[in-house]
1. So which residues in segment 93-106 are more than 13 Å from residue 59 (Cβ to Cβ) and either within 6 Å of ligand 2 (Cβ to nearest atom) or under 25 Å from the mean Cα position of the chain (by Cα) (or both), if there are any at all?
2. Tell me whether segment 86-100 contains one or more residues that are touching a helix residue (DSSP H, G or I) at 6+ places or on another chain (Cβ under 6 Å), in a loop (DSSP other than H, G, I, E, B) and surrounded by 15 or more Cβ atoms within 10 Å (Cβ to Cβ).
3. Any residue that is near ligand 1 (Cβ under 9 Å from one of its atoms) and surrounded by 13 or more Cβ atoms within 10 Å (Cβ to Cβ) - is there at least one of those in segment 49-57?
4. Scan segment 48-76 for residues that are more than 30 Å from residue 37 (Cβ to Cβ) and more than 12 Å from ligand 2 (Cβ to nearest atom) and jot them down.
5. May I ask you to verify whether residue 136 is touching a residue at least 60 places away in the same chain (Cβ under 8 Å), touching a strand residue (DSSP E or B) at 6+ places or on another chain (Cβ under 6 Å) and part of a strand (DSSP E or B)?
6. Of all residues in segment 215-250, how many are closer than 15 Å to residue 37 by Cβ and free of Cβ contacts under 8 Å to residues at least 60 places away in the same chain?
7. What number of residues in segment 169-220 are surrounded by 19 or more Cβ atoms within 10 Å (Cβ to Cβ) and in a loop (DSSP other than H, G, I, E, B)?
8. Checking the condition closer than 28 Å to residue 199 by Cα and either modelled with pLDDT under 95 or surrounded by fewer than 20 Cβ atoms within 10 Å (Cβ to Cβ) (or both), which residue from 7, 38 passes?
Ligand code: SF4
Ligand code: SF4
């Protein structure tokens with residue numbers, strides 16, 4: 001069995017304060033980067049890749065040319081109309097261009113953060129958590145794609161005395177999920193569909209492991225099953241009834 005060792009640093013996609021839909025009350029949601037699923041409807045597709053990425057916002061660019069000057073790979077050029085272009089096959093993701101762009105026209109998706117960094121942000125809204133019955137939610141991507149960092153973070157939140165929620169797609173090794181569950185008060189467990197073929201077609205993976213982990217989770221921790229309702233995919237009454245029946249049986 002894999003040994004899970006704590007980790008002080010990890011790749012954070014976003015930290016969202018005043019979240020109202022990621023568990024009870026007012027919460028801070030910490031999104032980690034990387035996901036084993038590739039859902040075609042994903043609201044945050046930039047969270048899927050498990051490494052930092054360069055993001056370009058053309059509308060912010062003033063064509064000052066500073067990024068081209070510092071790029072060691074000559075991966076940035078300008079069109080005759082002064083539109084900045086990144087030649088992706090040359091880009092080595094060094095992010096030197098990001099450091100010189102004053103317009104935020106080039107940014108990094110996914111920053112390495114320490115437990116202390118994250119805990120510092122989470123701590124700021126402690127009064128809101130206390131007055132609303134809220135707390136902190138660890139989400140993604142799939143947070144358990146970074147198991148050592150995610151479990152260390154959940155343990156840290158518990159040490160801070162906060163109500164702690166894990167938001168998971170369920171497609172993770174059971175021993176990792178089991179280790180994480182000992183540090184959470186509530187799990188938000190996504191069920192996309194119970195139809196294995198449809199699940200594979202629209203998320204890239206089957207759902208056997210997810211169904212096994214749903215049972216494991218509900219047997220150990222308070223669990224809310226959630227269905228991301230996608231028109232024409234899983235929004236029929238029959239499908240919702242099937243998921244509800246499965247959830248009630250656990
Ligand atoms: S540094 Fe920023 S604003 Fe200047 S050309 Fe590059 S992307 Fe545009
Ligand atoms: S990330 Fe590095 S290699 Fe890629 S465009 Fe920016 S400076 Fe060039």
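1. 93, 94, 95, 96, 97, 98, 99
2. no
3. Within segment 49-57, one or more residues are near ligand 1 (Cβ under 9 Å from one of its atoms) and surrounded by 13 or more Cβ atoms within 10 Å (Cβ to Cβ).
4. Matches in segment 48-76: 59, 60, 61, 62, 63, 64, 65.
5. Against the criterion (touching a residue at least 60 places away in the same chain (Cβ under 8 Å), touching a strand residue (DSSP E or B) at 6+ places or on another chain (Cβ under 6 Å) and part of a strand (DSSP E or B)), residue 136 qualifies.
6. 3
7. Qualifying residue count, segment 169-220: 10.
8. 38
The values are calculated or read from the model by the stated rules, or taken from the named source; none is laboratory data. Bear in mind the structure is a predicted one, so any value in this text is a computation, not a measurement. Here the Cβ is made from the backbone with ideal geometry for all residues, glycine too, and neighbour counts use every protein chain on show.
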